[in-house]
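K.L.:
Let me begin by handing over the structure; questions about it come next.
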Amino acid sequence: MKTAANGIAVALLSLAIAPAFGQLSAPLKSDVTARVDTMYPWLDTVYKDLHAHPEIAFQETRTAAKLAAEMRKLGFEVTEKVGKTGVVAVLKNGAGPTVLVRTDMDGLPMEEKTGLPYASRARAMSDGRESFVAHSCGHDVHMASWLGSARALVELKPQWKGTLVFIAQPAEEIVGGARAMLDDGLFTRFPKPDYAFALHSWPLAHGTVGFNSGPVSSNSDAIEFVFKGRGGHGSAPDKSLDPITIAARFVVDVQTVISREKDPKEFGVVTIGAIQGGTVGNIIPDSVLVRGTIRSYSPAVRAKLLEGVRRVANASAAMAGAPAPELRFTSGGEAIVNSEALVARTEVVFKDAFGAANAQRMPAMTASEDFSVYVNEGVPSMFFFTGIYDPKAVLEAAREGGKPIAFNHSPFYAPVPEPSIKTAAQAMSFAVLNVLGR
């Protein structure tokens with residue numbers, strides 16, 4: 001975890017500013033900054049309420065209702081229950097581009113351990129069991145900044161023309177909410193966007209913005225394999241067919257797909273996260289369940305990994321003379337591929353607004369995101385990252401032996417609210433204003 005956070009924190013790539021596009025005027029940039037500063041007490045209250053009351057995927061009823069109510073107050077035409085719990089808020093302001101801005105809403109089925117005065121103690125049913133719920137991936141920051149940028153844009157209506165489509169999406173954590181909203185008519189019942197934006201909090205210094213063109217997230221595929229054997233007594237393994245050794249062989253051998261079959265210059269990961277089988281030490285079970293995840297950027301690498309994992313699983317069973325395993329692959333999110341033109345256009349504005357040192361290119365994340373569902377509908381899009389930690393803490397974590405900072409999904413993930421939310425709201429406002437008509 002420390003290595004991943006440090007790599008992102010210290011490997012932001014500097015790039016020369018792209019050719020000039022129509023930049024925002026200095027007064028307009030100042031207006032955005034001043035308005036976000038003025039509204040911050042409201043955003044802080046909303047943020048801490050959302051943080052203390054998280055809801056998991058497709059259960060975001062309280063969260064959705066709160067966001068819908070706030071957007072109605074701002075003058076948006078709001079539709080609820082799109083894709084089960086999603087919210088669509090539309091504001092038309094003359095002829096001009098249609099711009100979609102997405103926030104995600106769901107928390108995670110895990111316990112928060114930050115010790116913050118507004119820490120979550122919420123619980124929910126998840127996979128048939130009661131679990132704590134926490135906003136340990138920053139979706140509360142996303143929602144607060146989403147509201148902030150919406151309000152800033154409303155207050156600046158005389159300065160732009162076009163249509164805003166602000167959506168609050170459920171179930172990002174299980175990469176199911178974007179597809180649910182599309183299947184419920186997001187691009188047919190509501191205006192289809194000419195551009196789409198989304199942001200994500202990341203363990204960078206607050207006040208910074210990271211972005212890149214091309215892939216910025218990974219493809220994901222889940223695996224669930226059942227290796228079959230023949231149960232027996234642990235003292236007489238020759239009278240049985242041990243599925244644990246078959247599963248163990250698979251777990252080790254499958255990594256050769258990464259180390260010996262995949263181009264070493266291309267990203268690809270196979271991780272086995274769960275092995276379940278057996279009850280006590282002297283009984284050989286008759287089956288073992290293995291669960292894992294496969295990540296990649298390119299379609300070609302994805303296909304190679306899927307084929308290789310399948311082949312190694314079947315071979316592991318065949319080597320033991322066991323029945324063929326049951327192999328289940330579940331496709332998750334596809335890689336987000338940012339528009340090169342839109343990123344270049346937005347980069348100019350970000351560097352101008354935040355300074356070149358605070359707005360830089362960064363490597364793609366290896367996690368997955370279903371914002372790609374909208375991108376793959378042919379919408380030029382940009383997914384970018386905003387920092388959430390004290391810059392001194394980020395620098396300390398980057399030092400050899402330094403104190404690590406909590407990564408996304410950690411029970412200790414604790415954004416510093418004010419600068420983080422302000423920067424995110426400003427950045428999204430700048431990005432949207434830069435493509436709207438004026």
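K.L.:
Answer with yes or no whether P203 is under 30 Å from K29 (Cα atoms) and out of contact with any strand residue (DSSP E or B) (no Cβ under 7 Å at 6 or more places or on another chain). Give the derivation first.
P.N.:
Working: under 30 Å from K29 (Cα atoms): yes; out of contact with any strand residue (DSSP E or B) (no Cβ under 7 Å at 6 or more places or on another chain): no.
No.
K.L.:
While we're here: Which residue pairs have Cβ atoms under 6 Å apart, sit 6 or more places apart or on different chains, and have a first residue in the stretch 32-57 that is under 14 Å from S420 (Cβ atoms) and at pLDDT 95 or above and a second that is among the polar types (S, T, N, Q) and crowded, with 21+ Cβ neighbours inside 10 Å?
P.N.:
As it stands, the answer is V36/Q426, since those pairs meet every condition given.
K.L.:
Within the stretch 373-391, is there a residue that is assigned to a helix (DSSP H, G or I), of a type outside the set (A, V, I, L, M), at pLDDT 95 or above and closer than 30 Å to T293 by Cα? Steps first, answer last, please.
P.N.:
Narrowing the stretch 373-391 to residues assigned to a helix (DSSP H, G or I): 373-375, 391.
Now restrict to residues that are of a type outside the set (A, V, I, L, M): 374, 391.
Okay, now just the ones that are also at pLDDT 95 or above, so 374, 391.
Of the ones still in play, those that are also closer than 30 Å to T293 by Cα are 374.
Among the residues of the stretch 373-391, at least one is assigned to a helix (DSSP H, G or I), of a type outside the set (A, V, I, L, M), at pLDDT 95 or above and closer than 30 Å to T293 by Cα, which makes the answer yes.
K.L.:
Just give me the residues in the stretch 252-293 being open to solvent by 60 Å² or more (accessible area, probe 1.4 Å) and among the aliphatic types (A, V, I, L, M), in sequence order.
P.N.:
V252, I275, V280, I283
K.L.:
So, in the stretch 397-409, how many residues would count as being within 26 Å of K48 (Cβ to Cβ) and open to solvent by 10 Å² or more (accessible area, probe 1.4 Å)? Lay out the reasoning, then the answer.
P.N.:
If we filter the stretch 397-409 for residues that are within 26 Å of K48 (Cβ to Cβ), which is where we start, we get 397, 403-409.
From the residues that got through so far, the ones that are open to solvent by 10 Å² or more (accessible area, probe 1.4 Å) too are 403-409.
Going through the stretch 397-409 one residue at a time, the tally reaches 7.
K.L.:
Exactly one of (1) within 16 Å of I174 (Cβ to Cβ); (2) assigned to a helix (DSSP H, G or I) is unmet by D140. Its number?
P.N.:
So D140 meets the others, but not (1).
K.L.:
Can you go through V379, V349, V337, V343 and tell me which one is among the aliphatic types (A, V, I, L, M), surrounded by 16 or more Cβ atoms within 10 Å (Cβ to Cβ) and touching an Asp or Glu at 6+ places or on another chain (Cβ under 8 Å)?
P.N.:
Working: V349 fails: touching an Asp or Glu at 6+ places or on another chain (Cβ under 8 Å); V337 fails: touching an Asp or Glu at 6+ places or on another chain (Cβ under 8 Å); V343 fails: touching an Asp or Glu at 6+ places or on another chain (Cβ under 8 Å).
None of the other options fit; the residue is V379.
K.L.:
Filtering the stretch 96-120 down to residues that are among the hydroxyl-bearing types (S, T, Y) and not in a strand (DSSP E or B), which residue is surrounded by the fewest Cβ atoms within 10 Å (Cβ to Cβ)?
P.N.:
The residue in question is Y118.
K.L.:
Select from the stretch 58-92 the residues that are open to solvent by 20 Å² or more (accessible area, probe 1.4 Å) and either under 13 Å from F190 (Cα atoms) or in contact with a Pro (Cβ under 9 Å, 6 or more places away or on another chain) (or both) and list them in ascending order.
P.N.:
If we filter the stretch 58-92 for residues that are open to solvent by 20 Å² or more (accessible area, probe 1.4 Å), which is where we start, we get 58-59, 61-62, 65-66, 69-70, 72-75, 77-81, 84, 92.
Scanning the stretch 58-92 gives F58, Q59, E77, V78, T79, E80, K84, K92.
K.L.:
As an exercise: evaluate T386 against (1) farther than 18 Å from D104 by Cα; (2) surrounded by 23 or more Cβ atoms within 10 Å (Cβ to Cβ); (3) among the β-branched types (V, I, T) and give the number of the one condition it does not meet.
P.N.:
(1)
K.L.:
When you scan the stretch 312-332, do you find a residue that is more than 30 Å from A427 (Cβ to Cβ) and in contact with a Gly (Cβ under 7 Å, 6 or more places away or on another chain), even just one? Steps first, please.
P.N.:
Taking the stretch 312-332 first, the residues more than 30 Å from A427 (Cβ to Cβ) are 312-331.
Adding the requirement that they be in contact with a Gly (Cβ under 7 Å, 6 or more places away or on another chain) leaves 322.
The answer is yes; a qualifying residue exists.
K.L.:
So, in the stretch 348-397, of the ones that are closer than 21 Å to F430 by Cβ and charged (D, E, K, R), which residue ends up nearest to the chain's Cα centre (by Cα)?
P.N.:
Step by step, filter the stretch 348-397, then rank; the result is R361.
K.L.:
Which number in (1) closer than 29 Å to D106 by Cα; (2) at pLDDT below 85; (3) assigned to a loop (DSSP other than H, G, I, E, B) marks the one condition that A4 misses?
P.N.:
(3)
K.L.:
How many of the residues making up the stretch 155-175 are touching a residue at least 40 places away in the same chain (Cβ under 8 Å) and farther than 20 Å from K192 by Cα? Let's see the steps before the verdict.
P.N.:
Taking the stretch 155-175 as the starting set, the residues that turn out to be touching a residue at least 40 places away in the same chain (Cβ under 8 Å) are 155-157, 159-175.
From what's left, farther than 20 Å from K192 by Cα: 155-157, 159, 171-175.
Number of matching residues: 9.
K.L.:
While we're on this one: Against the condition closer than 30 Å to L28 by Cβ, part of a helix (DSSP H, G or I) and in contact (Cβ under 8 Å) with a residue 60 or more places away in the chain, how does V348 come out, does it pass?
P.N.:
Details: closer than 30 Å to L28 by Cβ: yes; part of a helix (DSSP H, G or I): yes; in contact (Cβ under 8 Å) with a residue 60 or more places away in the chain: yes.
Yes: the conditions hold for V348.
K.L.:
Here's a follow-up. List the residue pairs whose Cβ atoms are under 8 Å apart, where the first residue sits in the stretch 298-326 and is more than 22 Å from K265 (Cβ to Cβ), the second is assigned to a helix (DSSP H, G or I) and of a type in the set (G, A, S), and the two are 6 or more positions apart or on different chains.
P.N.:
Listed by first residue and then by second, the contacts come to S316/A247; P323/A317; A324/A317; A324/A318; P325/A313; P325/S316; P325/A317.
The values are calculated or read from the model by the stated rules, or taken from the named source; none is laboratory data. Since the structure is predicted, the reported quantities are computational estimates derived from the model, not experimental observations. A quick note on method: Cβ atoms are made from the backbone with ideal geometry, for glycine too, and the neighbour counts reach across all protein chains shown. The protein model used for the area step is the full one, side chains on, heavy atoms only, and it has no ligands, DNA or RNA in it. Shrake-Rupley method; radii C 1.70, N 1.55, O 1.52, S 1.80 Å.
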